[in-house]
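**Q** Quick one: this structure, given as structure tokens, is what I'll be asking you about.
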Amino acid sequence: MSIPTALIGIASLSCLMSVAVLGSLFHAQIPGIRHWCLASGVLAAVTALLLLFQRSPSIILGASALLVVASLSALQGFRRFFHLRASLSGEYLAVGAILAGLVYWTYLSPDIDARVVIISAFLGYVRFVIAWLVQRHRPAGRPRYGYYFVSGVALLGAFVHVIRCAVYGLGLAHETDFLEATPVNVAFLGMATLTLPCLSVGMVMLAHDRLAQRMERLATIDDLTGVFGRRAFIARAEALLGSAKGAKSPLSIALLDIDNFKSINDRHGHAAGDQALANVAATISREIRQADVLGRVGGEEFALLLPRTGKEDALRLVDRLRAIVASAVSEGPAACVACTLSAGVDEFRACDTLASAMARADAALYAAKAKGRNCVVPAGAEQGKWIEPVETAVLNRR
């Protein structure tokens, strides 16, 4: 068995293994997985055809065409993975031109070097685009290793194919047989065989990261409202409190509760109650500043952290939110439900823990409920310690 034949056999086995691994991820419904699996399956068929029918021009032509299609399918998989548009029309035109060239240089004017040039040029383009896509659209805040691995392998494969295209295009090497055991052919096939399974491993790494991202989101984000859940909010609040103490900058907290929420469920049903929660959370999320942190800490209770904000400014900001929620138009099952908020606000003190500040804000929230609801009360006001009135007019939107 010649070295090129052995390399093709190794590539065939690696493609079959990739199909098995990627196929096991179908249930996760990750965009792009099916395209990657299809590409690996087609490549397995390509290598099998080359092994079984090494001397048949028609089989080699078909295998070459399938190789181009498989590469485009892999690229499309990466685009779908990053939620991008489908392949460009120019790419389909290029595939058509390549197929025409393969027919011409197989039957009308047989030339293996020319076929190598056009296929290598296209494969180099595909690998370059994959490397660029992975780096350009790598999600912020995610571990970088898998994305750097994929882009690095794709870039290495691109250089291999571009160099191969140049070597044969400039006449620096010639082939009379696709699997001829020349040093140049062995070197290029060896590099291609090395990068192919590595790219498949990279695909699995990206799929795993997407699954991990989903699990982390389930653990941190409240599914109904789309804001932080209680545990994630507390973790974020502790971190912000530590930063605020270190920088000696003000930090305020507000606890907000939807008024008469139980009656919404009783009168309109739980679907309307869920929609009311989602609507209120969406309204608050739209209006708060980028640095502010919103979390759902109870059934109908939200907590809001306001970095670099003193008590008076926090009162005005929260009262603005209260007024906006009261005037908001609900959607969905809660379209007929008018929601109002009661809130308690306090500023962290130098000796405060998160629990102590939240306890004071919670007491102020209860005072707001006792006051008649749909109002904002600062901590201390329930004991007569706060005399400055809260601004209740709806301020202009930022």
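The values are calculated or read from the model by the stated rules, or taken from the named source; none is laboratory data. What you see is a predicted model; the values in this text were computed from it and never measured. So basically every Cβ, Gly included, is an ideal-geometry build from the backbone, and we count neighbours across all protein chains shown.
**Q** For segment 256-276, how many residues meet the condition of being touching a residue at least 40 places away in the same chain (Cβ under 8 Å) and either in a helix (DSSP H, G or I) or over 17 Å from Asp222 (Cα atoms) (or both)? Break it down into steps so the answer makes sense when it comes.
**A** In the first step, residues of segment 256-276 are kept if they are touching a residue at least 40 places away in the same chain (Cβ under 8 Å); the result is 256-260, 264, 268-269, 271-276.
Narrowing further to those that are either in a helix (DSSP H, G or I) or over 17 Å from Asp222 (Cα atoms) (or both): 259-260, 264, 268-269, 271-276.
Matching residues across segment 256-276 total 11.
**Q** Is one or more of the residues making up segment 328-339 within 11 Å of Ala254 (Cα to Cα), touching a strand residue (DSSP E or B) at 6+ places or on another chain (Cβ under 8 Å) and either not aromatic (Phe, Trp, Tyr) or not assigned by TED's automatic domain parsing to the domain that holds Ser249 (or both)?
**A** No, because not a single residue in segment 328-339 is within 11 Å of Ala254 (Cα to Cα), touching a strand residue (DSSP E or B) at 6+ places or on another chain (Cβ under 8 Å) and either not aromatic (Phe, Trp, Tyr) or not assigned by TED's automatic domain parsing to the domain that holds Ser249 (or both).
**Q** Moving to a separate point now. Can you tell me which of Arg236, Arg231, Arg214 is charged (D, E, K, R) and either assigned to a strand (DSSP E or B) or within 16 Å of the chain's Cα centre (by Cα) (or both)?
**A** Arg214
**Q** Ok, one more. Touching a strand residue (DSSP E or B) at 6+ places or on another chain (Cβ under 6 Å), buried (at least 18 other Cβ atoms within 10 Å of the Cβ) and of a type in the set (A, V, I, L, M): does that describe Ala237?
**A** Here the answer is yes, as Ala237 does meet what is asked.
**Q** Could I ask something else about it? Test Gly96 against the criterion of being within 20 Å of Ala39 (Cβ to Cβ) and surrounded by fewer than 15 Cβ atoms within 10 Å (Cβ to Cβ), and give yes or no.
**A** Yes, satisfied.
Residues checked against (1) closer than 30 Å to Met215 by Cβ; (2) surrounded by fewer than 20 Cβ atoms within 10 Å (Cβ to Cβ):
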site	(1), (2)
Ala6	no, yes
Ala39	yes, no
Ser58	no, yes
Arg79	yes, no
Ala86	yes, yes
Val103	no, yes
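**Q** Also: Can you give me the number of residues within segment 30-67 that are over 22 Å from Val204 (Cα atoms) and out of contact with any Asp or Glu (no Cβ under 9 Å at 6 or more places or on another chain)?
**A** Count: 17.
**Q** Please specify each residue of segment 203-228 satisfying the condition of being buried (at least 19 other Cβ atoms within 10 Å of the Cβ) and under 24 Å from Ser342 (Cβ atoms).
**A** Asp222, Thr225, Val227, Phe228
**Q** Would you point out the residue of segment 277-309, among those that are assigned to a loop (DSSP other than H, G, I, E, B) and not hydrophobic (A, V, I, L, M, F, W, C), that is surrounded by the fewest Cβ atoms within 10 Å (Cβ to Cβ)?
**A** Gln290
**Q** Which of the numbered conditions does Thr195 fail, given that it passes all the others? Conditions: (1) under 30 Å from Arg115 (Cα atoms); (2) at pLDDT 90 or above.
**A** Just one mismatch for Thr195, condition (2).
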